Amino acid sequence: MNKIFNISDFKKLSISEKLDFLEDSFIDAIKDFDEKILYSTLRSIVLNSNENAYVRKSALELFTELVILGKVKTRHAYNLLIDDWIPNEDTSLEIQRLKDLLLYYDPINEECGNIELIFKTGIKNSDAEIIGESFFNLGMISLTKAFRSSNENEYKIYIKDGDYYFQKSIVEVENRVDSRFYQKIIVILEVSIR
């Protein structure tokens, strides 16, 4: 695809052309774009309920990559994933959102409460994949809190919470190898503090 592609033409592309553009040409096409234009462009793709679900998910993945690379500010991620998010029926997009939100979780940031609340809401969802991902993320948050804790009793409570959340994740989704892995880490941590 042409490197000087005009982003306003994106909607006219076929699904395969959109995916090719996002996966192969987007970075070159936007290298001179202002951050606000990047944010608004990707936001409009991700939140467009008429857009193909896989295209939306690819745009969300690209958005997160740009935040991690520092091309888009983290506050834009909070805006997109928390403030502006429109719940939808696409499980893969919702799970990508949950995975991305975990990347932005920072206990010293005021948004962490909102992120944790989203995960706690996710465990009440009717979709097992979303429930499993939400439990996994709560387990990761518990481990984060344990590692940051300076109080041994608090540390133990967070470790037990993490184990509980990972176990619930496994119950919801049978092949949660990541949850099983972290449960093994918790066993090692529990043995080391005895």
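The values are calculated or read from the model by the stated rules, or taken from the named source; none is laboratory data. A quick note: this is a predicted structure, and the numbers were derived from the prediction, not measured. Cβ placement follows ideal geometry from the backbone for every residue including glycine, while neighbour counts extend to all protein chains displayed.
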Residues ILE130, ILE186, ILE159: which one is closer than 30 Å to ASN48 by Cβ, in contact with a helix residue (DSSP H, G or I) (Cβ under 6 Å, 6 or more places away or on another chain) and not assigned by TED's automatic domain parsing to the domain that holds LEU66? ILE130
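Conditions (1) at pLDDT 85 or above; (2) part of a helix (DSSP H, G or I); (3) hydroxyl-bearing (Ser, Thr, Tyr); (4) not assigned by TED's automatic domain parsing to the domain that holds LEU80, marked per residue:
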| position | (1), (2), (3), (4) |
| --- | --- |
| ASP28 | no, yes, no, no |
| PHE33 | no, no, no, no |
| LYS36 | yes, yes, no, no |
| TYR39 | yes, yes, yes, no |
| SER44 | yes, yes, yes, no |
| ASN48 | yes, no, no, no |
| ALA59 | yes, yes, no, no |
| PHE63 | yes, yes, no, no |
Tell me, yes or no, whether the stretch 67-78 has at least one residue that is within 15 Å of ARG43 (Cα to Cα), free of Cβ contacts under 8 Å to residues at least 24 places away in the same chain, assigned to a helix (DSSP H, G or I) and over 13 Å from the mean Cα position of the chain (by Cα). yes
The stretch 116-158: number of residues that are closer than 29 Å to ILE193 by Cα, of a type outside the set (Val, Ile, Thr) and surrounded by 15 or more Cβ atoms within 10 Å (Cβ to Cβ): 19
Could you list, in sequence order, all residues of the stretch 100-150 that are under 27 Å from ALA59 (Cβ atoms), of a type in the set (Gly, Ala, Ser) and over 16 Å from the mean Cα position of the chain (by Cα)? SER126, ALA128
